[in-house]
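First comes the structure, then the notes that go with it.
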Amino acid sequence: MVKSVKFLDLHKQYLSIKDEIDNAISSTIESTSFVGSKTNQKFECEFAEYQQAKHCIGVGNGTDAIEISIEALDLPSNSEIIVPANSFIATSEAVTRSGHNVIFADVEENSYNICVADIEKQLTSKTAAIIVVHLYGNPCNMNKIVSLAKKHNLRVIEDSSQAHGAEYHGQRVGALADIGTFSFYPGKNLGAFGDAGAILTNDDNLSKRCRLISNHGRLDKYNHVMEGRNSRLDGIQAAVLSKKLKYLESWIQKRNFIAKKYLAELSDIPGLILPKVDPKTRHAFHLFVIRTKRRDELQQYLSRNGIETGIHYPVALPKQEAYRDYKDIESCPTANSLDSEILSLPIGDQLETFEVKQVINEIRNFFKA
Ligand SMILES: *Cc1c(COP(=O)(O)O)cnc(C)c1O
């Protein structure tokens, strides 16, 4: 019997760096520096450097990172914020939680990222910001987005939760516009051992505001210049992340290596659409998403043959029950048809070449039959 192929093997990743991780956790416990430790500052500097940003603020999770970023921008209340129709709900949830209105823009046929022409169609006098998502680890067309934003005086947040290590025209994502947000949820390209997140920016003032908002608006222990909230990066998570960050670059390269194999060996199958990589970008391949009209059939076939897959995401955001009052459900035709056709293949830093071959063989078998 052939061994099954996991969608993502976090346990195997842990075993590959177990001693370092265990030591980092136990020294945090020994030092009892659980909140706001030196390790936090160390990780923030290291992550800012890796992502080529000036400032990094560690926060509680990737959703808080978006909420805090929106609040830091100090937009007029009840502003409209444009987000892509195909994303995880955190992107749109953060808009509503911050007292603003979600406006969905459709995604592009080629990249599945937010469609710049559709952003333009959704603009009104109340539009104040755009949140772009570098979905699956594939950078958005930031030149077009930033120039559109300049023209209409809009702020831009990059939700980079799936794009640690991704590059756009030679520059890592997260600080290509006003502010960038990251999640270190365990399954992300850089994952903590629980919830964690970060904000990046090159803007000194925004950095200060994010830091204040995430930590009770305090300058020091009992000196509060504003009301904020509590969303800080946990000390143990910072210690784990700092160790894992040293491997991130090789993990991103491994993901690209696997993606190249998939791209080379699945490209001749009629009816199967593969991710398109812009040669001016480095895709971080958090997810390797294929598209076919026979998605459900293919997923069942792979599952019967021991191959785990995922769907990101099975219901486009405007169609979610949570957005039942959203008026313009038909306005995102691409996202609305994509959700029944996309399938995420196993990819990760621990996936073996023979497992990649097994996935490729089974997909070829399926389409041959
Ligand atoms: C994971 C994710 C988030 C949310 O991050 P959490 O850390 O789980 O709060 C936000 N946006 C996108 C696109 C994500 O993939």
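Taking 23 Å as the straight-line reach from the Cα of K261, the lysines in range (excluding those fewer than 8 positions away in the same chain) are K3, K6, K12, K188, K276, K280, K293, K357, K368. Remark: accessible surface ordering of E108, E362, E330 (largest first) is E330, E108, E362, probe radius 1.4 Å.
Think of a 1.4 Å ball rolled over the protein heavy atoms: the chain then has 45 Å² of accessible area per residue. On a straight-distance basis, which lysines could pair with K126 in a cross-link, Cα separation under 22 angstrom, same-chain partners fewer than 8 positions away excluded? In chain and number order, the partners are K144, K150, K151, K327. Projected label points at F7 and N361, each 7 Å from Cα along the beta carbon direction, are separated by 2.4 nanometres. With K and R counted +1 and D and E -1, the other residues having a Cβ less than 9 Å from that of E67 yield a net charge of -1. Report the calculated FRET efficiency for E297 and Y326 (r = Cβ-Cβ distance, R0 = 30 Å), to the nearest 0.05. Using R0 = 30 Å, I get an efficiency of 0.45. Largest first, the extents of the alpha carbon coordinates of segment 134-238 on the three principal axes equal 44, 35, 17 Å. Here is how the number arises for the chain: DSSP H runs of 4 or more residues each give -39500 (n - 2.57), the sum is divided by the residue count, and the result at 222 nm is -12500 deg cm²/dmol. Here the 3J(HN,Hα) profile of segment 308-321, calculated from phi with Karplus coefficients 6.51, -1.76 and 1.60 at θ = phi - 60°, is 7, 10, x, 10, 10, 10, x, 9, 4, 3, x, 8, 5, 3 Hz, Gly and Pro shown as x.
Residue by residue, segment 156-171 carries 3J(HN,Hα) couplings of 10, 10, 9, 7, 9, 4, 10, 10, 3, x, 6, 10, 10, 6, x, 10 Hz when phi is fed to the Karplus relation 6.51 cos²θ - 1.76 cosθ + 1.60 (θ = phi - 60°); x denotes Gly or Pro.
When peptides 71-78, 139-146, 126-133 are sorted by average Cβ neighbour count within 10 Å, with the highest value leading, the order is 126-133, 139-146, 71-78. By the equivalent-ellipsoid construction on the alpha carbon gyration tensor, the chain comes out with semi-axes of 33, 28, 17 Å, ordered largest to smallest.
With both labels modelled 7 Å from their Cα along Cα-to-Cβ, the I89 to K276 distance reads 3.2 nm.
Only protein heavy atoms count here; on that basis, with a 1.4 Å probe, E93 has an accessible area of about 70 Å².
Projecting the Cα atoms of L287, A85, H216 onto the charge dipole of the chain (Cβ charges, centred on the Cα centre) puts L287 farthest toward the positive pole. Between amide H atoms placed 1.01 Å from N, distances below 5 Å from T181 occur with E158, D159, S160, L200, all of them 5 or more places distant or on a separate chain.
For segment 217-322, the gyration tensor built on C-alpha atoms gives a prolate shape. Its axis ratio a/c (a ≥ b ≥ c) is at least 1.5, and a/b is the larger of a/b and b/c. By the rule of a C-alpha distance below 17 Å, with chain neighbours fewer than 8 residues away ignored, the aspartates and glutamates paired with K319 are E93, D106, D328, E330, D339, E341. Ligands, DNA and RNA left out, the accessible area of the chain computed with a 1.4 Å probe is 50% carbon and sulfur. The 1.4 Å probe gives accessible areas that order S31, S37, largest first, as S31, S37. For D106, the solvent-accessible surface with a 1.4 Å probe is about 10 Å², rounded to the nearest 10. Rounded to whole numbers, the Karplus 3J(HN,Hα) couplings from phi for segment 11-25 are 5, 5, 4, 4, 4, 5, 9, 4, 4, 4, 5, 4, 5, 4, 5 Hz, using 6.51 cos²θ - 1.76 cosθ + 1.60 with θ = phi - 60°, and x at Gly and Pro.
Taking 0.36 nm per residue of separation and subtracting the current Cα-Cα distance, fully stretching the chain between I311 and F354 would add 13.2 nm.
Each Lys or Arg adds one and each Asp or Glu takes one away; over the other residues whose Cβ falls under 14 Å from the Cβ of I25, this sums to -2.
The values are calculated or read from the model by the stated rules, or taken from the named source; none is laboratory data. Because the structure is predicted, anything quoted here is derived from the model rather than measured. Using ideal geometry, Cβ is built from the backbone for each residue, glycine included, and neighbour counts are taken over all protein chains shown. Calculation scope for accessible area: heavy atoms of the full protein, side chains included, ligands and nucleic acids excluded. Shrake-Rupley method; radii C 1.70, N 1.55, O 1.52, S 1.80 Å.
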